[in-house]
Amino acid sequence: KHCDKVVLGEGENVIIDLIENRFKNKIIQGSPVIDLDSYPMPDYNLVQGIKKNPSVVSVVTSRGCPYNCNFCSINSMFGRKYRVISVNRIIEYLSSFKNLKTLCFDEANFTADKQRAIEILTQMKEHSIHPKRAWPSVSIDVAENDTLLKSFTEVSQFHFSIGLESINSKVLNAYNKKQTPE
């Protein structure tokens, strides 16, 4: 009613056809990007009004979520298949920001693959990427991984976004959560 076209799902594979008005339907089904490294990282220089070297940066290092919480929109948008951008590409991208003060990891669960998260953090440390603050969304089980927690502290002052849906077992089961109140 209020749009010319709507893309459901991921739009990278349909954006050119959309711009060139090749779709007759108002609703267009996008398709998952299998190789996230095949697309460019965001170029803030192309956005009018943003400084050439911004101090606040948002990065997406993965898509999808291996969990299946029934209230979450991530699976309907990106699916359960967990797809990632290579660690080297992420580090190269973050290294391009010389004035990085705040870093937001804009993804469902930065620690869905804990070894990968540790590798990203280790590489950030080795490449002297130390924003003053960083915000990832993580699952509560991050508290059980001392190596991961130590890696976070060696890079920045991290502020975790953690979804605590309930402390009631019946509610957690209804939400299809794999956690317990304990």
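The values are calculated or read from the model by the stated rules, or taken from the named source; none is laboratory data. From a predicted model like this one, the values you see are computed outputs, not experimental measurements. Note: ideal-geometry Cβ built from the backbone for every residue, glycine included; neighbour counts use all protein chains shown. To get the accessible areas, we keep the full protein, side chains included, count just its heavy atoms, and leave off ligands, DNA and RNA. Shrake-Rupley method; radii C 1.70, N 1.55, O 1.52, S 1.80 Å.
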Query raised in the report: Given only helices, namely DSSP H runs of n ≥ 4 each adding -39500 (n - 2.57), what is the per-residue ellipticity at 222 nm of the chain, to the nearest 500 deg cm²/dmol?
Result: -6500 deg cm²/dmol
Report task. First select every other residue whose beta carbon is under 14 angstrom from the beta carbon of CYS72; then total the charges, Lys and Arg +1, Asp and Glu -1. Result -> +2
**Report entry** At most 11 other Cβ within 10 Å, DSSP loop - chymotrypsin sites (Phe, Trp or Tyr not before Pro), segment 35-94
**Finding:** PHE71
Query raised in the report: Any idea what Rg and Dmax come out to for the chain if you just take the C-alpha atoms, in Å?
Result: 18.4, 54
Report task. Could you tell me what percent of the accessible area of segment 45-158 is made up of carbon and sulfur, with a 1.4 Å probe and every protein chain present? Result -> 52 percent
Query raised in the report: Can you list the cysteines of the chain that have no other Cys Cβ under 4.7 Å away?
Result: CYS3, CYS65, CYS104
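Loop only by DSSP, 15 or fewer other Cβ within 10 Å of the Cβ. Give me the trypsin sites (Lys or Arg not before Pro) in segment 1-65 that pass, ordered by residue number.
When the trypsin sites (Lys or Arg not before Pro) of segment 1-65 are filtered for loop state and at most 15 Cβ neighbours within 10 Å, LYS1, LYS5, ARG22, LYS24, LYS26, LYS51, LYS52 remain.
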**Report entry** Per residue solvent-accessible surface (Å²) - the chain, probe of 1.4 Å
**Finding:** 62 Å²
Query raised in the report: Can you give the extra length, in nm with one decimal, that the chain gains between ILE140 and ASN45 once fully stretched, where that is 0.36 nm per residue apart less the Cα-Cα distance?
Result: 30.6 nm
Query raised in the report: Between SER86 and LEU164, what length in nm is gained on full extension when 0.36 nm per residue of separation is reduced by their alpha carbon distance?
Result: 25.1 nm
Report task. Keeping to pairs on different chains or 8 or more places apart, tell me how many lysine pairs in segment 29-182 have Cα atoms under 20 Å apart. Result -> 20
